[in-house]
Amino acid sequence: MNHPHPRKDAAHAHQPPALHLDVRRTGTDRHLITVQGTLDLHTARQLADTLQSLLADGHSVLLDLSGVTFLDSSGLTCLIAAYRTARTTGARLALVAPSQPVRHMLALTGVDQVLHSYPAPDAVPHWPAG
């Protein structure tokens, strides 16, 4: 029996996990980014590029991490770099509803003492302009 594409399924099985980002403007200089999936070596650059673009322009970002199923050191580095950019540009960065894997990694590394997190977007205090 001849199979035209016998390795097609095998190739799909080795693709890195997907990361889905939904970016919404919630104010003049404020955005909500909802992150779903695995935040790791294969996907952190996608989030980093989005965060750096907004934060470098001085936009404040709420980062909803409730849908993140895994966070490794690359994802953590992405969050720390975003925090540093926000401090440099005067923007604000807050984490919203971090999932258990995210909370665990933040606590393990002490980053939870630097990056503020809130249970929901409406729990984040209003940030003054400028």
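With respect to the numbered conditions (1) on the phi < 0 side of the Ramachandran plot; (2) outside any loop (DSSP other than H, G, I, E, B), which one is the sole condition not fulfilled by GLY37?
Against the list (1) on the phi < 0 side of the Ramachandran plot; (2) outside any loop (DSSP other than H, G, I, E, B), GLY37 comes up short only on (1).
List pairs: first residue in segment 19-40 and closer than 11 Å to PRO121 by Cβ, second residue open to solvent by less than 30 Å² (accessible area, probe 1.4 Å) and of a type in the set (Asp, Glu) anywhere in the structure, Cβ distance under 6 angstrom, at least six positions apart or on different chains.
Note: pairs meeting the criteria are THR34/ASP64.
Anything in segment 26-40 that is aliphatic (A, V, I, L, M) and surrounded by fewer than 16 Cβ atoms within 10 Å (Cβ to Cβ)? List them, or say none.
none
The values are calculated or read from the model by the stated rules, or taken from the named source; none is laboratory data. All values reported here derive from a predicted model rather than from experimental measurement. We place every Cβ from the backbone using ideal geometry, glycine too, and count neighbours over all the protein chains shown. Calculation scope for accessible area: heavy atoms of the full protein, side chains included, ligands and nucleic acids excluded. Shrake-Rupley method; radii C 1.70, N 1.55, O 1.52, S 1.80 Å.
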